[in-house]
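The values are calculated or read from the model by the stated rules, or taken from the named source; none is laboratory data. These numbers come from a predicted model, not from an experiment. Every residue, glycine among them, receives a Cβ derived from its backbone with ideal geometry; neighbour counts consider all protein chains shown.
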Amino acid sequence: MARDVYESPLSARYAGKEMKYLFSPDMKFRTWRRLWIALAEAEMELGLPVTPEQVAELKAHTDDINYEVAEAREKEVRHDVMSHVYAYGQQCPKAAGIIHLGATSCYVGDNTDIIIMYEGLRLIRDKLVRVLRVLGDFARQYKDMPTLAFTHFQPAQPTTVGKRATLWMQDLLIDLEDVEYRISKASLLGCKGTTGTQASFLELFEGDHEKCRTLDQKIAEKMGYPRCYAVSGQTYSRKLDNQMLSVLSGIAQSAAKFSNDLRLLQHLKEIEEPFEKNQIGSSAMAYKRNPMRSERIASLARYVIADAVNPAMTMAGQWFERTLDDSANKRISIPEAFLAVDGILNLYLNVADGLVVYPGVIRERLLKELPFMATENIMMDAVKRGGNRQELHERIRVHSMAAARAVKEEGRDNDLLSRIAADPSFGVTEAELQGLIRPEKYVGRAPEQTEEFLTETVAPVLARYAQVTDEKAAINV
């Protein structure tokens, strides 16, 4: 590792090997060669003077790129595409004259960018599936465990630990649908020429418009894509970049919400992210177990959400058929967004796969608040025994306020049940009241909702991705 030059932390610390390779120079230049082969082969099939021998020669040197020749040539001509055309021609002397025939730089540059983004989406899709699997197992394991729910981070009607996990999953399912939709619309730029009119190809094909149309379709098929965009300028519409990063931003938003919930739960000592045996939580306070991975998810997510503004502004600023003010921004914003989301999902999977639940703490906090939530049931039971609903409501209001004041101002335990039991208006003992406030009575349909969601909504989605292997997420720091 070079220690005297800047290296993006997304590459050095956060993203996985596969995603880093996708945005590597080697992936880019190998894809250029595959595109040149597809072009030559399509041109041959459509009757241009390209021979099978030339195509075979190009295929023989798809991956053994002579980088030193290309780099030396680029120093002379200051053009990356033409440098690689030259280098490829050095290895393929018979085909040298037909490489890049009729094409512009955007033929290899833009089609490659599209291919890499879609390959990146497929990696992200598979990681979303893995996170959903792990969260699904967690949700099912804890679907019946009552826990205090919060609105406005104030105690509210109980839910279950598993039901809360389904909320995280629901967000990810929405993200997965967005990824699937974007993949379903996959289209290449094709070979459209300098302003998108295919004028050079119309000349090569001697005015045959149908061959120009067929050329695009053949290139798409040879590259494994169903179609090319019907029209374009010199480049594909930069709206695609915006759509891609909007999907990535959505995933970042979902992950950040999960990480925020977990950081709050860890503060409450109810659920913690994994903490390794020799991990140090704080350099000063040895006892601390800081939610560092969840914080990292939130930090990276914030970056992606902000980064998604870049392609929106770039798209809005394009002029006519081509302007180059997209290039420098694109080179940074798109790879970094993909690498960051890859890192986020690695962290998400790592954290979700190692969640530590503390049932005692969860139950204790719930029981402290449950008497307040049980007052409606207590009042209804007293009405059944002949009490006056309005009078009982006022008595409960007074007792609740007094009990809450004692908890907040004096630090005492919640004694609401004792106060109600001592009030003859209710005609009930404290033991009877204790039997009334079993937490399981107050979670509504949370366990059933969880099971129904996992069975009816999640299971069919995961079944479509049975081929996606389970993996443990390795994180660097």
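Listing for the model above:
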quantity: Neighbours by Cβ (under 9 Å, 6+ apart or cross-chain): first from segment 450-469, part of a helix (DSSP H, G or I); second charged (D, E, K, R) and at pLDDT below 95; calculated: none
quantity: Only one of Thr62, Thr51, Thr112 that is closer than 21 Å to Gly16 by Cα and modelled with pLDDT of 95 or more; calculated: Thr112
quantity: Test for Ile183: is it touching a residue at least 40 places away in the same chain (Cβ under 8 Å), β-branched (Val, Ile, Thr) and over 19 Å from Gln234 (Cβ atoms); calculated: yes
quantity: Tabulated pairs, segment 302-328, first more than 18 Å from Ala340 (Cβ to Cβ), second among the aliphatic types (A, V, I, L, M), C-beta under 9 angstrom, 6+ apart or interchain; calculated: Met315/Leu240; Asp326/Met315
quantity: Qualifying residue in segment 243-257 (condition: surrounded by fewer than 20 Cβ atoms within 10 Å (Cβ to Cβ), in contact with a Pro (Cβ under 9 Å, 6 or more places away or on another chain) and either among the charged types (D, E, K, R) or under 26 Å from Met313 (Cα atoms) (or both)); calculated: yes
quantity: Conditions (1) in a helix (DSSP H, G or I); (2) more than 24 Å from the chain's Cα centre (by Cα); (3) not β-branched (Val, Ile, Thr); number of the one not met by Phe138; calculated: (2)
quantity: So Ile332, is it within 30 Å of Leu22 (Cα to Cα) and in contact with a helix residue (DSSP H, G or I) (Cβ under 7 Å, 6 or more places away or on another chain); calculated: no
quantity: Test: Pro335 is assigned to a helix (DSSP H, G or I), more than 23 Å from the chain's Cα centre (by Cα) and buried (at least 16 other Cβ atoms within 10 Å of the Cβ); calculated: no
quantity: First in segment 389-415 and farther than 13 Å from Thr375 by Cα, second anywhere and among the acidic types (Asp, Glu) and exposed (fewer than 13 other Cβ atoms within 10 Å of the Cβ), Cβ under 9 Å, 6 or more apart; calculated: Ala406/Asp413; Val407/Asp413
quantity: Residue list for segment 258-272, filter: surrounded by 22 or more Cβ atoms within 10 Å (Cβ to Cβ) and either part of a strand (DSSP E or B) or at pLDDT below 95 (or both); calculated: Ile271
quantity: Residue pairs meeting the criteria (Cβ under 9 Å; at least 6 apart or on separate chains; first at positive phi, in segment 246-270; second outside any helix (DSSP H, G or I) and not charged (D, E, K, R)); calculated: Lys269/Tyr358
quantity: Candidate set from segment 442-465 (those that are over 12 Å from Ala139 (Cβ atoms) and of a type in the set (Ser, Thr, Tyr)); member that is modelled with the lowest pLDDT; calculated: Tyr442
quantity: Output for segment 151-161, where each listed residue is in contact (Cβ under 8 Å) with a residue 40 or more places away in the chain and either in the same structural domain as Glu272 (by TED's automatic domain parsing) or in contact with a strand residue (DSSP E or B) (Cβ under 9 Å, 6 or more places away or on another chain) (or both); calculated: Pro155, Gln157, Pro158, Thr159, Thr160, Val161
quantity: Members of segment 399-431 that are surrounded by 12 or more Cβ atoms within 10 Å (Cβ to Cβ), in a helix (DSSP H, G or I) and either aliphatic (A, V, I, L, M) or touching a Lys or Arg at 6+ places or on another chain (Cβ under 7 Å) (or both); calculated: His399, Ala402, Ala403, Ala404, Ala406, Val407, Leu416, Leu417, Ile420, Ala421
